[in-house]
1. Charges only on Cβ, +1 for Lys and Arg, -1 for Asp and Glu: so what's the dipole of chain B about the Cα centre, in debye to the nearest 20?
2. From the backbone phi of the range B:220-227, what are the Karplus-calculated ³J(HN,Hα) couplings (6.51 cos²θ - 1.76 cosθ + 1.60, θ = phi - 60°) in whole Hz, Gly and Pro given as x?
3. Hey, can you rank B:53-59, B:148-154 by average C-beta count inside 10 Å, highest first?
4. According to a simple spin-label model (label point 7 Å from Cα along Cα-to-Cβ), what is the distance in nm between B:Arg267 and B:Arg227?
5. Once you charge only the Cβ atoms, +1 for Lys and Arg and -1 for Asp and Glu, what is the size of the charge dipole of the range A:72-286 about its Cα centre, to the nearest 20 debye?
6. Hey, got the dipole for the range B:105-168? About the Cα centre, +1 on K and R Cβ, -1 on D and E Cβ, debye to the nearest 20?
7. Does anyone have the angle between helix B:183-200 and the longest principal axis of chain B? Alpha-carbon axes, 0 to 90°, nearest 10?
8. Which part of the range A:225-268 falls in the paramagnetic zone of A:Ser88, meaning amide N under 13 Å from the point 7 Å along Cα-to-beta-carbon?
Amino acid sequence: MAVDHTSTLPVAPTLDEALAGLDALDDVGRPAHDRLSRRLWRSAWPKLVALGVILLVWQVAVWAHWKPYILQSPTTVARQLWELVGSSLFWQACWVTAQQAIIGYLLVLLVGGVVGTAVARVPVLRAGVGALITGMQTMPSVLWYPLAIMLFGLSSTAIIMMMILGAAPAVANGFIGGIDQVPPGFLRVGRMLGARGLSLERHVVLPAAFPTVLGGMKQGWAFAWHALMAGEFLVLVNPLSLGGRTVNAVTQGEWAVVVAMMIIIVFIGIVVDVAFSQVDRGVRRRYGLIDQSAS
Amino acid sequence: MSILTANPPPTAVVRSAPSVTLAGVSKRHGDAESGVVALQDVSLDVGPGEFVCLVGASGCGKTTLLNLIAGLDRPSVGTVTVPVPDGTARGTTTAMLFQDSALFPWLTVAANVELPLRLRGVPKAERRAVATDLLERVHLGGFGAKRPHELSGGMRQRAALARALAQDADLLLMDEPFGALDAITRDLLHDELEALWMERRFTVLFVTHNVREAARLGDRIVLLTSRPGRVAATFPVDLTRPRRIDSPEIAHLAATVTDQLRSEVGRHGR
C-alpha cells in the first residue's frame, strides 16, 4: 500500500533548530562545587591531626627530660617563633632569601627549558647530552659547592650557580618527558594549520607538553630550594638571609631559634608546594585531564 | 574562490584552479623486500569544487593517500599535484579534518578557530571577527569561550570544521570525520557539511568506510581495494541536493557500491 509520507509526517525542524536541540541535550552543565570553607576544612583536618601527633611526641620527649639542654619545649619554640615573626630583621631575612630564590629559580627555568627543549627536539643533542642530564640530576648539589666557591668565591653568584646545576636538570627532564609525550596527531594538525619550525614549538609542542613540564618545574623548585638553603648554610654570603640567620643561631647555641627557623623553612616549602598543586590542578582542569564530576 | 566569510574581497580572488591530480602514485612503507605497499598505481583527478568520497575497507591506504595529498608524506612512485597558492593567497591551501577533532585542549574553542589565522599573522581584531562568524556559521555561536573537552563529539567536529574553514583552504581533506559520532548527530552534520559546501564550493576529498555516507555526500564515489590500495571503480552520484540519507535513490546506489566492495573484500579471504 502506498503511503503519502509528506502529509503524515510532522514538519521537519530546520538544521539550526535540530542542532541547537542536540547541543542542548549534550550540554549537561558543570557539577556544582562545594563551598570553599567546606573544601578547606576537608583538606585541613588530616594535616591538623598529624601536626597534633608530632607536637605530642615532642612534648612527651621534653617531659621525659631527653637531652634537656638542647631540646626546648614546643611552647618555648612557639614563643620564639612569635618573637621572630614580630621582628623586622626576620622579614628582611625572608626578603633576602626570597630575592635569591626568585632570581635563581627563573634562571633555572630558563636554562632547563632551553636545554630540555633543544635536547628533546634535536636528535644529536639527545644522544650527546640526554644521559648527562640524568647523571647530573642524581648528583647531590652539595658536591658542586667546592667548585662553585672556587669559581665565584663566597658570593650569591656561587649560590645561583649551585641552584642552576642542581635544579635545571630536573626542569630539563620535565621538558624532555613532556615533549616526548606530545601525541603525533597534534603535530600533524599543527603542520596542517600552517605551523612550522619555531611556531610549531611555540603553538603546539610546548603547550601540549605543559602539564608534564609543570611537574618538572615543581621538582626543579624543590632542588633549587635545597641548593639555596645549603648555599646559605655553607657559603654564608649574607648573615641576614634565612639560612645565614639559622647558622648564627647554631653558633650561639640558640636552639629554640634554630628549631623555629626550621619550622619556617618547612612552612615555606609547604606553601610553595600548595601553590604548585593549585596551578597544576587548574591546568589539568583546563586541558580536560580531570574528570569534571570528580573534581 | 575565497571561503573566508569576514571581509570578503570586493572582487573575486583569482586562485590557481583547485584540483588534485594523482598520476600513477604508489607508496611503499619500509624497504623494498619487507615493506608494505600501501598504494599501487593510483590515478585520480578531482575537479575544482568537486566533492569526492573515497570508500574502502581496512588497509586501502586511505590515510596514506590523504597524507600524500596534504604534503605530510611523499609518494614512492608517481606524482601528486595539489593547488598551489598563487602568491596573493595567504596561508595554506589544504585543510584536514580528522576523526577525533584534534582541537587543541589548551585553547578555547574560539582560540582554536583563530589559530590558523594567528599562524599567518592576521591581526587580533580581524581574526576574532572571522572566528566569531565561522562559529556562528557552524551553529556554535555561544560556545567560543568553552574548552574543547566541554563540548560533545559532534560540537567538537563542527568546531574543527570552523577551524578548517578559517584556513581559507581550497581543498578540504576529511579523514573519516564523522566515524565516531552517533547516527543522529552524523546525519545532522551531513546536512551541515553539504550546506557549507554548496555555499562555498571548496574541493572535498572525503574518506569513509560508510557507503551510505559516501552516497549521501559525494558527487562521485571512488572505491579502493585493500592491500595494496588501488582504484577499483568509480561511481558518479547524479542526485540533486540537498539530499537525504534515507532516500531510496541513495539506498539503491549504496547497495550497488556495497556489492562491489564486498566482492573486493571477499577476494582476500580466498
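1. On the way: 31 positive and 30 negative charges, 89 e Å.
The dipole magnitude comes to about 420 debye.
2. With the stated coefficients, the range B:220-227 comes to 8, 10, 10, 8, 9, 7, 10, 6 Hz.
3. On the way: B:53-59: 21.1, B:148-154: 19.0.
Packing order, densest peptide first, comes out as B:53-59, B:148-154.
4. In this crude label model, B:Arg227 to B:Arg267 measures out at 1.4 nm.
5. Approximately 960 debye in magnitude.
6. On the way: 11 positive and 6 negative charges, 30 e Å.
The dipole magnitude comes to about 140 debye.
7. Here the helix axis deviates by roughly 70 degrees.
8. Nothing falls inside the zone, counting backbone N under 13 Å.
Read-outs: derived from the displayed coordinates by stated rules, not from any lab. Source: prediction; values computed, not measured. Cβ atoms come from the backbone with ideal geometry, glycine included; neighbour counts cover every protein chain shown.
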